[in-house]
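Engineer: First the structure, then my questions, so here it is.
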Amino acid sequence: MKIPTNLKHKPVLVSENYGNVDGRYAYKTDAQGLSLGLAQWNDRGKVDISAKVWRYTGEKWSRQSEELPLHRVLDLAILVCRGKQHFQEAYRYPDLYDPANPVIDRIGLQGDAMTVAICTENEKIKDDMKLFQQALSSDDELLAERLRTLGRILREMGY
């Protein structure tokens, strides 16, 4: 399915078969494409690149399609990696985290640090931590394949 090019987000690089590789939703997802392109919020003389997940309802392109600045895409990848890393050692805690120290990490980015922490404001955090761990475990093969691919590409790029 061809990603629209007549909307405010202007695709430059596309994955128009994303519906076939959308993790466990492959072949039964409304996320039909991914693109990197010129952001819809661009002003004259200022150009930002964004990533977009294109959703298709079966009849039309959805308003629920998401567009993110590239740094947020990478910040989400950092959060996923750090979260996955936490859960590799979480078995050491009865509640899968240390309630006395819910901050997992502070990751330095542009002069400050992104805090990665357990959401202790969630009143069902103990149950939700177990559910999250189960989901990570059941999706391990899916995530590991993508993380290995990302790692290989980053190494090829010299990172």
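Engineer: Which residues, taken from the range 84-104, are in contact with a helix residue (DSSP H, G or I) (Cβ under 8 Å, 6 or more places away or on another chain) and either assigned by TED's automatic domain parsing to the domain that holds residue 19 or part of a helix (DSSP H, G or I) (or both)?
Structural biologist: Start the filter on the range 84-104 by keeping residues that are in contact with a helix residue (DSSP H, G or I) (Cβ under 8 Å, 6 or more places away or on another chain), which leaves 84, 87, 90, 95-97, 104.
Correct list: 84, 87, 90.
Engineer: Sticking with this structure for a sec: Of the residues 26, 39, 77, 113, which is closer than 22 Å to residue 144 by Cβ, of a type in the set (Gly, Ala, Ser) and either in the same structural domain as residue 137 (by TED's automatic domain parsing) or buried (at least 17 other Cβ atoms within 10 Å of the Cβ) (or both)? Steps first, answer last, please.
Structural biologist: Numbers: 26 fails: either in the same structural domain as residue 137 (by TED's automatic domain parsing) or buried (at least 17 other Cβ atoms within 10 Å of the Cβ) (or both); 39 fails: closer than 22 Å to residue 144 by Cβ; 113 fails: closer than 22 Å to residue 144 by Cβ.
Unique residue meeting the criteria: 77.
Engineer: Condition first: over 10 Å from residue 54 (Cα atoms), within 16 Å of the chain's Cα centre (by Cα) and free of Cβ contacts under 8 Å to residues at least 60 places away in the same chain. Now tell me which residues in the range 20-35 satisfy that.
Structural biologist: Our first condition is that a residue be over 10 Å from residue 54 (Cα atoms); within the range 20-35, this holds for 20-29.
Checking which are within 16 Å of the chain's Cα centre (by Cα) leaves us with 21-25.
Selection gives 21, 22, 25.
Engineer: Within the range 105-148, can you find the residues that are of a type in the set (Asp, Glu), over 17 Å from residue 81 (Cβ atoms) and not in a helix (DSSP H, G or I)? Step through it out loud before you land on a result.
Structural biologist: Within the range 105-148, the subset of a type in the set (Asp, Glu) is 105, 112, 121, 123, 127-128, 139-141, 145.
Retained after the next criterion (residues that are over 17 Å from residue 81 (Cβ atoms)): 112, 121, 123, 127-128.
Result: 112, 121, 123.
Engineer: Still on this structure, I have one more. Name the residue that is farthest from the chain's Cα centre (by Cα), counting only residues in the range 38-83 that are hydroxyl-bearing (Ser, Thr, Tyr) and assigned to a loop (DSSP other than H, G, I, E, B).
Structural biologist: 57
Engineer: Sticking with this one: If residue 122 passes every condition in (1) among the polar types (S, T, N, Q); (2) at pLDDT below 95; (3) under 30 Å from residue 32 (Cβ atoms) but one, which one does it miss?
Structural biologist: (3)
The values are calculated or read from the model by the stated rules, or taken from the named source; none is laboratory data. Please read all numbers here as calculations on a predicted model, not as lab measurements. Virtual Cβ from ideal backbone geometry, glycine too; neighbours counted across all protein chains shown.
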